[in-house]
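S.K.: Take a look at the following structure, please.
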Amino acid sequence: MPPEVCAVVLAAGEGTRLRPLTEHVPKALCPVGNVPLLDRALARLAGLDLTGPGRVAVNACYLADQVVAHVGDRAHLSVEPGEPLGTAGGVANLRNWIDGRPVLVGNADAYLADPAAPPGPDVAALFDGWDGHTVRLLGQPAADPTAPGTFDGHRFTGFSLLPWRLVRDLPVVFSDLVRALWRPAEAAGELEVVPYPGTFFDTGTPADYLAANLHAAGGGVLVEASATVTGHCVESVVGAGARVSGDVCRTVVWPGAVVRDTERLHDVIRFGDGRTVPAAAQG
């Protein structure tokens, strides 16, 4: 990995497809396997020796105060006023902080897990043999290699590596990396896809969010130490301070949530005061 590289975690999004889960919690702080998604992203960067506000930045907008408080002094914080600037605008807004360095950009809502490598080393192939000139995307072969949104037959899996020469000219306006950088680089023959061999979920929908949690639980039950479970749990994740008296199967119980003894939950997310989001996969 180039010694001067820095990293940006994109955490400004509202997570509209996850509503009502994200009504009061930003998507980046939604827990997967009882670990906030943002902490998973920061741990992956730490696995690449990228830590601290000099090397890592996090952007925030929606419910930004929660993101700022959660990150603390672990990273440089870029709070976007008003509406989020998008993935490209968010990077552009950090231009002065990036300051000539290549930048690894990660989506906070990307859940990645490779049984053959820990977080960090699992994405290190992005740097192997990189000439500092091309755009690199982490990807996996798409079911339909010709589908819109694919790159060289791959779907994007949450991390990209950008050279400073392209970041330098990004305008600080609402824009996305796909149209502002990736597609132009692809058209110029300057985009490379690096295959990711592990499991990926973007956690943007309730179904994918549930799937990521079940993967994190390893097919079993993951119960945070401060939770109380007197009911029956199968293939589920139970968060801090939650109380489960009923039966849950393939269910995520958020921190502090309650499942009463008369309830039988399956393929859902339970949060707040008895609120439930259906999360069964469609199709």
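S.K.: Of the residues D152, D114, which single one is touching a residue at least 24 places away in the same chain (Cβ under 8 Å), among the acidic types (D, E) and over 20 Å from V32 (Cβ atoms)?
M.R.: Every option except D152 fails the conditions.
S.K.: Select, from P171, P145, P119, the only residue that is more than 30 Å from G82 (Cβ to Cβ) and either more than 23 Å from the chain's Cα centre (by Cα) or loosely packed, with under 14 Cβ neighbours inside 10 Å (or both).
M.R.: P145
S.K.: Just one of V103, V25, V67 is open to solvent by less than 40 Å² (accessible area, probe 1.4 Å) and more than 29 Å from L222 (Cα to Cα); which is it?
M.R.: Step by step, each of V103, V25, V67 is checked, and only V103 is open to solvent by less than 40 Å² (accessible area, probe 1.4 Å) and more than 29 Å from L222 (Cα to Cα).
S.K.: Right, something else. Give me the pairs, please: first residue somewhere in the stretch 248-266 and open to solvent by 20 Å² or more (accessible area, probe 1.4 Å) and among the β-branched types (V, I, T), second residue anywhere and modelled with pLDDT of 95 or more and not in a loop (DSSP other than H, G, I, E, B), beta-carbon distance under 7 Å, and either six or more positions apart or on two chains.
M.R.: Filtered contacts from the stretch 248-266: V258/R243.
S.K.: Further question: Answer yes or no as to whether F151 is open to solvent by 20 Å² or more (accessible area, probe 1.4 Å) and of a type in the set (A, V, I, L, M, F, W, C). Give the steps one after another, and end with the answer.
M.R.: Numbers: open to solvent by 20 Å² or more (accessible area, probe 1.4 Å): no; of a type in the set (A, V, I, L, M, F, W, C): yes.
Here the answer is no, as F151 does not meet what is asked.
S.K.: Let me ask something additional. Do we find that A225 is farther than 17 Å from D208 by Cα, at pLDDT 95 or above and either in contact with a Ser or Thr (Cβ under 6 Å, 6 or more places away or on another chain) or open to solvent by less than 70 Å² (accessible area, probe 1.4 Å) (or both) in this structure?
M.R.: The answer is no for A225.
S.K.: Which one is farthest from P121 (Cα to Cα), of the residues in the stretch 6-22 that are touching a residue at least 24 places away in the same chain (Cβ under 8 Å) and surrounded by fewer than 19 Cβ atoms within 10 Å (Cβ to Cβ)?
M.R.: Looking at the filtered set, the residue picked out is P20.
S.K.: All but one of (1) in contact with a Lys or Arg (Cβ under 9 Å, 6 or more places away or on another chain); (2) open to solvent by 40 Å² or more (accessible area, probe 1.4 Å) hold for A75; which doesn't?
M.R.: (2)
S.K.: Here is a follow-up. Note down all Cβ pairs under 6 Å where the first residue falls in the stretch 82-97 and is under 14 Å from V9 (Cβ atoms) and open to solvent by 20 Å² or more (accessible area, probe 1.4 Å), the second is part of a helix (DSSP H, G or I) and not charged (D, E, K, R), and they're at least six residues apart or on different chains.
M.R.: Qualifying pairs under 6 Å: T87/L177.
S.K.: For the stretch 201-231, which positions are touching a helix residue (DSSP H, G or I) at 6+ places or on another chain (Cβ under 8 Å) and outside any loop (DSSP other than H, G, I, E, B)? Before you say what the answer is, go through the steps one by one.
M.R.: So in the stretch 201-231, the residues touching a helix residue (DSSP H, G or I) at 6+ places or on another chain (Cβ under 8 Å) come out as 201-206, 209, 222.
Passing the criteria: F201, P206, Y209, L222.
S.K.: Same structure, new question: Restricting to the stretch 122-142, and then to whatever is part of a strand (DSSP E or B) and touching a Lys or Arg at 6+ places or on another chain (Cβ under 9 Å), can you tell me which residue is surrounded by the most Cβ atoms within 10 Å (Cβ to Cβ)?
M.R.: That would be G139.
The values are calculated or read from the model by the stated rules, or taken from the named source; none is laboratory data. Note that the coordinates shown come from a computational prediction; the quantities given were computed from them, not determined experimentally. Using ideal geometry, Cβ is built from the backbone for each residue, glycine included, and neighbour counts are taken over all protein chains shown. All accessible areas refer to the heavy atoms of the entire protein, side chains included, with ligands and DNA or RNA removed. Shrake-Rupley method; radii C 1.70, N 1.55, O 1.52, S 1.80 Å.
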